[in-house]
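One structure below.
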Amino acid sequence: MTAKAHMLKSTVECFRQLAADAPDIEASLTSAAIRQALLIREVERTFLELFTRGAMNGTVHTCVGQEFSAVAVAGQLRPEDWVTSNHRCHGHFIAKTGNWGGLIDELMGLKSGVCKGVGSSQHLFSPGFLSNGPQGSLLPVGTGIALHQQRKSTTAITTSFIGEGTLGEGVLYEALNLAALWGVPQLFVCENNLYSQSTHQAQGVAGSIRGRAEAFGIPFFEGDTWNTRALFATAREAIEYVRSERKSAFLAIRTYRLNPHSKGDDDRAADEVSFFAERDPLSRLVSHSSSWREVQKEIEAEIDAYVSSRPKLALSEAEYAHDQLPRDFPHVGAAVSNERIRMVQALNRAYNAAVSNGAYMIGEDLLDPYGGAFKVTKGLSTAHPERVLGTPISEAGIAGVGIGLALMGDPAYVEIMFGDFTTNIFDQLISNASKFFHMYAFQTTVPVRFRTPMGGKRGYGPTHSQSLEKHLVGIDNLTVVALTSIEDPTATLAAVDELPGPVFIIENKIDYGRFLWQGDPDHLTKKVGGPFGTIVMSPLRHEPTVTVVAYGETARDIADQLHKIFIETDWVVELLVPVSLHPLNLAPILESARRTRRVVFVEEGSVAFGIGSEIAARLAEVEPNLTCQRLGAAPVPIPSVLELEKALLPSARNLMTFLRSAEAAGT
Amino acid sequence: MSTLRVTVDRDNVNDEFVVVRKLHKRNGESVQAEELVLEIESSKTLSEVYAPESGLLRVHSSEGDEIAVGGLLFEITTESPEATDAADIVRPVTPPSEEAQLKASRTATELAQRLDVALRDIPSRGWITSADVLAAAKPAAARVHGDAAAIRDASTSVPAHGTVPKAPFRAVKTSLLKRKEARILAGANSSGSTSMIGTELSLGGSARLVPPPFLFQDSISDLVTFEAARLLKRYPDLNACYLDERTNGYFAEVNFGISFDAGHNLKVLALRNADQLSLIEVQAGFDRLLQLYESDAPIADELLHCSTVTLSDLSRSGATFMLPLLNASQSLIIGITRRDSDRFGLHASFDHRVSEGLQVARFLDELRGRLQSHYRPAPTNRPGALRCSVCDQTLEAEIETGVRGLLRIACADGSDGYLCRNCFEGW
C-alpha cells in the first residue's frame, strides 16, 4: 500500500472508530437539542424532495449527518453573537436563528423568504447570521465583525464555519493571523467531513489541522458528532473561552455527511457511506424510539403544512433592480478655486475629518511616524489611535475586515498601498462588497471605502505603476471615483463619506505632490453636477474646437498645458474631467461634444474595452456623427526605463502628438 | 436668465430650408435689439434677420449652412446677476485687454505669413487658429462656405455622377434660384441640360493682319483659342463645371483642350494656361500638341485630363453645322465650321446648369468681335479696284479702252474667277 493510500485509509479508519464507539444520544443530550437536530434534518429532506418534485430551482448542499455540529455550536450561541457560514449553511442558520420557515420560503424563491428569494440556499442573511458561496471569502469579514465586537461589546462573539476544504484557501490564514494578532473574539469552527466535493481530505490538506491553529498561537479544541455529549461540552468550552477572554479559538469537528455534496454528485464508496449511515446517532434514535418517531412525524407534518400554505409571491424587477450609486447629478455649477496647498495635504485633511467622524482607517504602514507609504495618513494614527490601524501585509484580509466593520455600521477606509495590489482584493470586492446590498435583499449596507494610489511615471516598473480602474468600473453597486489635483478633494470626499454603499477612491502618486490647481487666465474652470460631477475647463480666448475627456493625474497634466497644446497643435481644447468614473455624468460631455463635434478620451490604462470606449458608446446612443478617438497607455506592462515609460503612458505631450496627427486626418 | 430662440419662419411655401448667406455677428458677442445678426437666402429672396432683444448671442451656424424651416437660427440670452445654473456660468466674452498679446498657434502663424494676413486684422478673442487665418484670407467676392480645404489645391468634393475634375478648382455653392432652374431643365430634357448657341463670323474676303503660320492658313483655331481664353476670365461660368445639385466648381486655370481627330483616334490635348500665352505661343503650342498626337509617344496624363474648356475645329471637314458635345467636368465647348471661304460658324455648347443662353450669346458676340479685329478691313467691292497681278492692267483701264471687261472663268475649285483679257494670265 502506498503512503498516500495508507494515510487515506487511516483517516477514514479514525472516523469509523469514532462512529462505531458512539454512545446513545438520548442519554447525552437535552431533548431540545435532539429536536432541533431532527428539525434540521427534516427541513433538508424537504428541500431534496421539493427539488425532485421540481418545485425548487438552483442548488442545495445538505448537512444531513452533520446536524449536531450546527446544534452544538450555533445552538449554544446568543442572539447578540454573529455567525458567518458557507454553502452548507442550513443547519447553522436554523440553529442560530430558528427561522426554518423563512429558510424554506427563501429556497422556494418567495418574497417572504429571508432574503426575498434573491440569495437562496447559499446566500443568507438575518441579523446575527450571514453566509456566502465562495470558500473562505467571509472569514476576514468575520474578523471585521469580531473587531467591532471587541470595541463595542464585552460579550458578543463571532463564529465562522468552514469545512476542511477551506483549509486550502489563503484568505483563511490571513484571517487567522489578523484575528490572533489583534486578539478579536472570533471562533473558527472547521467541520471536517473528510470530503471536499469529490476530494478526500488526504488529497487536499497537508500537515494537521491542529498544527494550523497552533501556528498562529490560537487555542485548539476538537470534537466529533458521534460523541455528542463531549462535543456539546467542548463547544461550550470554546465559546466561553472566546466570550470571556475576547480572543480567538479554533474548534475542529469530525463528522460525516450522509448525502452527496449537492445533489447526485457522490463517488464515495457505497459501503463507506452505508457504514456511517447505519451508525448515524439521529437515525439510530428514531429507529428504536417510537416517541422520537412521533416527534419526527410531527415535525414532518408541520413542515408539509407550512410548505403547502405559502402564498406564491415573488420579487418583481422593479422592486429589485436598483442600486446605491449616486446617479443624481444636480444641475448646478460652481467655479473651482483652490487653496495653495499640495494634494497630499488636502487628502490628509479630508481623511482626518472622516476618521474624526467615526470612520476607521486601516492599511499597511499607516502608523506614525511613518504615516503611510505616501504620507497621506500622516498624523492620523496619533490623533485617532483607536481607529487608525496598521496591518500586516494582507490585502484580502484587511479588505474583508473593512467590509465586516462597515457591515456593523462603522464606516471603514481601507488603504491598498499601491493600486497594483488591488488584484489581491478582487474577491472581497466582487463577492462581498459589491453583493451584500442586493444579495441580502437590502437588509444591509456596506459603507466601506477602498483607497489607493494608481499611476506610473516614476519608473517603479510593471507591478508598481498600473492604473487598473478599467477593471473596477462597472462592478455592481461600487462607486468609483478618480481624484485629481485640479480640484480640492475635500468636497468630494465629504460626499463619499455620506454614501451608504461601497466606494473605490483612486488617488495618484505623481498627483500627490502637486499644488492644487491655481487657475489659468485663459480658461474658466468650474465644476458641474455636484461633488461626483465633472470639472469643466472652457477656453475663454476662442471657441473650443475639440473636447478632451480625461481624469486623474493626466487631466492635471493636460490642464497645465492647455495653452501649449493650442500653440503646438492649433486645436483649442475644452477639457472635461469626470470625478466619478462610475456612475459617470454624461451631460456636460455631451454638451461640449455637440459644439465641437470631436471628442478625444484620455485614460490612464490601455484603451481596449476601457473608460473611453464606454463614454463613446454612451455618446453614440444619443448623438450621432461625432468623431470620437481614444488615447491611453500602450497595451503592454509598464517598463521601468523612464523615457520609455513616458512614451508609453498618456500625457499632455502624447496628446499633443496625437492631436497633430488628427489634424492631418482631416478637420 | 432667459433665452430667446429665433427660428426660420415659413414665409415661402415652396422652401423646406434656407441658406445662411452672411453672418454679421459672431457666437458669444453681445447684441443690441434691432441689430442685424445675419442674412438668409431662400429660393425667392435674400432676407435680413435682426436681434429681437439685447443680450448675448449664441449662434452655431456658419455661412453656407442650410437650416430647415422652423429650425434654430440663433439664441439671445439675457444674463441675470445671481446665476447659479450650471449653464449660466457663461464665459465672459470680453476681448482681451490691449496689453494682452494675441496668441496664434504655430500653424496659424506660418499660414498668416504665407497668405500675407496680419494677425491683428483677424477678429478674435485673443487666440487665433489656422482656420481663423484662412477665413480672413478669403477674397471678398468669393462665397466659400466654411471649409478651408476648398481653398487648397485639391479637389475635395466628388460630384454626384462620380467624375472628379483633375484641374484645380474652387467649389462654390449655387444659388437656390439656379438649382431650381437646373431641376426644371433636367425634368424636361432627358438628354441632359446641354444647350447650343451659334454665331457666324464673316470675314468678307479679308486677310489676317499678321500672316499666320502654314498650319493656320485657312483656320481660325489659333485665334479662337487665343481670344476665347482671355475672354473666359470675364465669363467664369464658362470655365467651370457642374459638381452636384448644390455646387459648381470654378477652375483656377484656363486650359484649352484641343481636339485632334485623324479618324478613330479622337484625343483632346490641353494647352495649359492658354490665357497667359501670346498668339505666337498659342500657335507653337498647337504645333507641339499636333506632333505629340501624330507621334506614338505616350501622352502625359496631365495633357489628356486637365482641360477646362474644349475646342473642336471641323472647319476643314465641309460641315456647315455641328452640335459639339460637352466633355465631362466642363461647361463649354466651342465648335468651328466653315460655310464658305468667307464665313465661319462658331457653335458653343454649354451646360445650362452652370450658365445660361444670354451669357453664352454675349460671349460669342464678344469673341466674334475680337476675332474680326485680327483681319484687315474687307476691301470695298468697287470694280475699279481690280488689278491684274501679272500685267498690272486695271479694270478701269480696260473700260477706258472700250466697253470690255474681265473674262469670267470657272476656277479649278468650282468657284468663279476673273481672267485678265489683256494677258490671259492673271486676274
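Restricting region B:249-266 to residues that are touching a strand residue (DSSP E or B) at 6+ places or on another chain (Cβ under 6 Å) and closer than 19 Å to residue B:331 by Cβ, the residue that is surrounded by the most Cβ atoms within 10 Å (Cβ to Cβ) is B:256. Of the helices (runs of 4 or more DSSP H) lying entirely inside region A:1-100, those containing at least 3 residues that are small (Gly, Ala, Ser) and not assigned by TED's automatic domain parsing to the domain that holds residue A:132 span A:3-20.
For region A:545-562, a residue qualifies if it is within 14 Å of chain B (Cβ to nearest Cβ) and either within 31 Å of the chain's Cα centre (by Cα) or open to solvent by 10 Å² or more (accessible area, probe 1.4 Å) (or both), and the qualifying residues are A:545, A:561.
Criterion first (at pLDDT 95 or above and open to solvent by 30 Å² or more (accessible area, probe 1.4 Å)) does residue A:335 satisfy it? Considered against the rule, which asks whether it is at pLDDT 95 or above and open to solvent by 30 Å² or more (accessible area, probe 1.4 Å), residue A:335 comes out as no. So which residues in region B:109-142 are outside any helix (DSSP H, G or I) and open to solvent by less than 40 Å² (accessible area, probe 1.4 Å)? Across region B:109-142, the qualifying residues are B:117, B:122, B:124, B:125, B:126, B:127, B:128, B:129, B:142.
In region A:506-514, is there at least one residue being within 14 Å of chain B (Cβ to nearest Cβ) and either surrounded by fewer than 22 Cβ atoms within 10 Å (Cβ to Cβ) or over 12 Å from residue A:482 (Cα atoms) (or both)? Walk me through it before giving the result.
If we filter region A:506-514 for residues that are within 14 Å of chain B (Cβ to nearest Cβ), which is where we start, we get none.
No, region A:506-514 contains no residue that is within 14 Å of chain B (Cβ to nearest Cβ) and either surrounded by fewer than 22 Cβ atoms within 10 Å (Cβ to Cβ) or over 12 Å from residue A:482 (Cα atoms) (or both).
Applying the set (1) open to solvent by 60 Å² or more (accessible area, probe 1.4 Å); (2) within 19 Å of residue A:66 (Cα to Cα); (3) not hydrophobic (A, V, I, L, M, F, W, C) to residue A:290 leaves exactly one unmet item: (2). The set of residues in region A:75-87 that are hydrophobic (A, V, I, L, M, F, W, C) and either crowded, with 24+ Cβ neighbours inside 10 Å or modelled with pLDDT under 95 (or both) comprises A:82, A:83. Scanning region B:143-153 for residues that are more than 14 Å from chain A (Cβ to nearest Cβ) and either at pLDDT 90 or above or open to solvent by less than 20 Å² (accessible area, probe 1.4 Å) (or both) returns a single hit, B:144. The number of residues in region A:563-604 that are within 13 Å of another protein chain (Cβ to nearest Cβ), open to solvent by 10 Å² or more (accessible area, probe 1.4 Å) and of a type in the set (Asp, Glu) comes to 3. Looking only at region A:607-638, residues that are in contact (Cβ under 8 Å) with a residue 40 or more places away in the chain and surrounded by fewer than 18 Cβ atoms within 10 Å (Cβ to Cβ) come to 2 in all. Condition test on residue A:540, is it within 14 Å of chain B (Cβ to nearest Cβ), of a type in the set (A, V, I, L, M), under 18 Å from residue A:588 (Cβ atoms) and without any contact (Cβ under 8 Å) to a residue 24 or more places away in the chain? Here the answer is yes, as residue A:540 does meet what is asked. Kindly indicate whether any position in region A:204-224 is of a type in the set (Ser, Thr, Tyr) and within 32 Å of the chain's Cα centre (by Cα). Yes. Within region A:88-113, restricting attention to residues that are of a type in the set (A, V, I, L, M) and under 18 Å from residue A:42 (Cβ atoms), the residue that is surrounded by the fewest Cβ atoms within 10 Å (Cβ to Cβ) is A:108. Please verify whether region B:331-348 includes one or more residues that are closer than 25 Å to residue B:179 by Cα and either of a type in the set (Gly, Ala, Ser) or exposed (fewer than 15 other Cβ atoms within 10 Å of the Cβ) (or both). Checking region B:331-348: at least one residue is closer than 25 Å to residue B:179 by Cα and either of a type in the set (Gly, Ala, Ser) or exposed (fewer than 15 other Cβ atoms within 10 Å of the Cβ) (or both).
Out of B:234, B:246, B:230, one residue alone is buried (at least 17 other Cβ atoms within 10 Å of the Cβ) and more than 22 Å from residue B:323 (Cα to Cα). It is B:246.
Hey, can you tell me all the residues within region B:55-108 that are modelled with pLDDT of 50 or more, surrounded by 17 or more Cβ atoms within 10 Å (Cβ to Cβ) and facing chain A (nearest Cβ under 9 Å)? Across region B:55-108, the qualifying residues are B:103, B:104, B:105, B:107, B:108. For residue B:269, the criteria (1) open to solvent by 60 Å² or more (accessible area, probe 1.4 Å); (2) part of a strand (DSSP E or B) hold in every case but one, which is (1).
Helices (runs of 4 or more DSSP H) fully within region A:603-667 that include at least 3 residues being more than 24 Å from residue A:545 (Cβ to Cβ), in the same structural domain as residue A:585 (by TED's automatic domain parsing) and out of contact with any Ser or Thr (no Cβ under 6 Å at 6 or more places or on another chain): A:642-648.
The values are calculated or read from the model by the stated rules, or taken from the named source; none is laboratory data. Computed from a prediction, not measured in an experiment: that's the story for all the values here. Ideal geometry is used to build each Cβ from the backbone, glycine not excepted, and the neighbour counts take in all protein chains shown. Protein only, heavy atoms only, side chains kept; ligands, DNA and RNA dropped before computing areas. Shrake-Rupley method; radii C 1.70, N 1.55, O 1.52, S 1.80 Å.
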